[in-house]
Amino acid sequence: TLVYAAGSLWIIYWDTGILFQLNLDGVVLRSFPAQFLNPYGLAYDGKNLWACSDATNRIYQLAVS
């Protein structure tokens, strides 16, 4: 899943659970694991990133600041 948020692109991979922040040129700025299994459905509300978990059927706020 890919989302644009506050000047960066954010990608989260379902199979690895890794969240990546990229600049608009596609360069990885940082990465870290989601703290839950099987993330998908990444979204941005203007302040926070959110993702769903296929394993728990819950929505999680991602602390990325």
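The values are calculated or read from the model by the stated rules, or taken from the named source; none is laboratory data. Owing to the predicted nature of the structure, the values given are computational and were not obtained by experimental measurement. Virtual Cβ from ideal backbone geometry, glycine too; neighbours counted across all protein chains shown. SASA here: full protein model, heavy atoms, side chains in, ligands and nucleic acids out. Shrake-Rupley method; radii C 1.70, N 1.55, O 1.52, S 1.80 Å.
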**Request:** Please indicate, with yes or no, whether at least one residue in segment 53-62 is assigned to a strand (DSSP E or B), touching a residue at least 40 places away in the same chain (Cβ under 8 Å) and at negative phi.
**Result:** yes
**Message:** Please go through (1) free of Cβ contacts under 8 Å to residues at least 24 places away in the same chain; (2) among the aliphatic types (A, V, I, L, M); (3) open to solvent by 50 Å² or more (accessible area, probe 1.4 Å) for residue 9 and return the number of the only condition it doesn't satisfy.
**Reply:** (3)
**Request:** Of the conditions (1) surrounded by fewer than 13 Cβ atoms within 10 Å (Cβ to Cβ); (2) modelled with pLDDT under 90; (3) aliphatic (A, V, I, L, M), residue 28 clears all except one; give me its number.
**Result:** (2)
**Complete:** For segment 31-49 the number of residues that are hydrophobic (A, V, I, L, M, F, W, C) and open to solvent by 80 Å² or more (accessible area, probe 1.4 Å) is 1
